[in-house]
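Participant: Before we start, here is the structure in question, set down as structure tokens.
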Amino acid sequence: MPIRLTGLLCGGLLLITGTTAASAVAAVPIKAQIRVEGTAKTLVATRTVELADAPIIKDGNPAHSCAGQTALGALQAGTGGNWTGTWYEGLGYSADTIKGFKPAGSDYFELWVDHKLSQVGLCGANLKASDSVLLFVQHCTYDPTIQACPHPETPLGIRAPSTLRKGKVGTLRVVDYDAQGKTTPEPGATIYANGKRLGRTDKHGVFLFKGRTKGVAKVYASKTGFARSEVADLRIR
């Protein structure tokens with residue numbers, strides 16, 4: 001199995017300790033966001049999930065347990081448990097299929113947290129309140145010489161105003177995140193609103209959007225070689 005840093009394999013290091021009085025007290029539930037992108041469509045649209053401090057055991061083996069307030073907990077809650085994974089000793093669970101979708105060949109689900117490539121896997125990515133989890137299909141041809149994927153995909157992000165008056169023009173900006181979370185404008189990204197293709201961003205990653213009909217325009221960006229952006233709600237008044 002190829003490894004891109006340690007975020008390629010969606011599993012996490014599980015440290016098992018004895019029960020203490022402190023650990024017996026359950027942590028307060030937290031809320032986080034999760035989104036999952038497949039190859040051709042979004043598998044889990046951005047949603048907020050509440051994560052309890054309860055162990056997750058996917059394969060029925062009590063020794064294969066991951067904490068609930070992790071990226072794995074977000075996946076479990078965001079899919080209603082509709083995922084499958086393999087347990088790897090010292091690493092935890094991978095995400096093999098999500099909502100019935102399995103990446104082809106050597107492709108795999110890559111984990112990002114708060115717009116950064118995770119340095120640990122699903123079980124090891126402990127979350128804080130309001131953290132955002134993204135899983136998307138990484139198309140990787142692993143190069144053992146450099147011990148990495150030579151041209152890894154990265155996720156797009158979209159910036160849109162929250163409201164726009166009918167007949168007025170608003171500015172949409174599309175960026176590309178690198179593994180450390182740094183953004184750069186992304187030219188040539190295709191913009192969609194409510195599923196309809198509108199056009200592409202210019203060399204500065206900008207697209208001018210005219211509000212033609214009152215209501216909510218759900219806008220997002222896509223480009224070959226990148227994971228789709230989140231969907232932004234733009235209300236036209």
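Computed from the coordinates by the stated procedures, all read-outs in this text should not be read as laboratory data. Not measured: the values here are computed from a predicted model. Cβ atoms come from the backbone with ideal geometry, glycine included; neighbour counts cover every protein chain shown.
Participant: Specify the residue with the greatest mean-square fluctuation among VAL216, VAL28, VAL133, computed from a Gaussian network of the chain linking alpha-carbon atoms under 10 Å apart.
Facilitator: VAL28
Participant: Oh, and also: So for the stretch 89-161, averaging the separation of alpha carbon pairs under 8 Å that are six or more residues apart and normalising by length, what relative contact order in percent results? Let's see the in-between values first.
Facilitator: Values: 73 pairs, mean separation 20.2, N = 73.
Answer for the stretch 89-161 is 28 percent.
Participant: Looking only at LEU172, LEU117, LEU72, which one moves most when the chain is put into a Gaussian network model with springs between Cα atoms under 10 Å?
Facilitator: Answer for the Gaussian network model of the chain: LEU172.
Participant: With viscosity set to 1.002 mPa s at 20 °C, what whole-number translational diffusion coefficient in µm²/s follows for the stretch 78-185 from Stokes-Einstein and a Kirkwood radius over Cα pairs?
Facilitator: Calculated translational D: 131 µm²/s.
Participant: Another question about this same structure. At 0.36 nm per residue, and after removing the present C-alpha to C-alpha distance, how many nm does the segment from THR84 to ASN61 gain when stretched out fully?
Facilitator: This chain segment gains 6.9 nm when fully extended.
Participant: Next up: In nm, what is the difference between 0.36 nm times the number of residues separating ASP96 and SER130 and their Cα-Cα distance?
Facilitator: Gain on stretching ASP96 to SER130: 9.7 nm.
Participant: What Kirkwood Rh does the stretch 18-128 have if only Cα atoms enter the pairwise 1/r average? Answer in Å.
Facilitator: That comes to 14.6 Å for the stretch 18-128.
Participant: Still on this structure: Over the stretch 97-237, what is the mean sequence separation of C-alpha contacts under 8 Å (at least six apart), divided by residue count, expressed as relative contact order in percent?
Facilitator: Averaging sequence separation for qualifying contacts and normalising by length gives 22 percent for the stretch 97-237.
Participant: Please give the calculated 222 nm ellipticity per residue for the chain, where each DSSP H segment of at least 4 residues contributes -39500 (n - 2.57) and the sum is spread over every residue; nearest 500 deg cm²/dmol?
Facilitator: Dividing the helical sum by the residues of the chain leaves -1000 deg cm²/dmol.
Participant: Contact order normalised by length for the stretch 178-237, with contacts defined as Cα pairs under 8 Å and 6 or more residues apart; what percent is it?
Facilitator: 29
Participant: Apply the a/c threshold of 1.5 to the C-alpha gyration tensor of the stretch 113-168 and tell me whether it is rounded, prolate or oblate.
Facilitator: Oblate is the answer for the stretch 113-168, as a/c is 1.5 or above yet b/c matches or exceeds a/b.
Participant: I want the antiparallel fraction of DSSP beta bridges within the chain, as a percent rounded to 5.
Facilitator: 85
Participant: At 7 Å along the Cα-to-beta-carbon direction for both ASP107 and ASP143, put a label point, then send me their distance in nm to one decimal.
Facilitator: Placing both labels 7 Å beyond Cα along the Cβ direction yields 2.2 nm.
Participant: I'm spelling it out carefully: the read-out is volume of the Cα convex hull per residue in Å³, the candidates are (1) 146; (2) 119; (3) 131, and one was derived from this structure. Which label?
Facilitator: Evaluating volume of the Cα convex hull per residue in Å³ on these atoms matches (3).
Participant: With a 10 Å cut-off between alpha carbons and a GNM built on the chain, which of ALA104, ALA67, ALA148 moves the most?
Facilitator: The residue with the greatest mean-square fluctuation here is ALA104.
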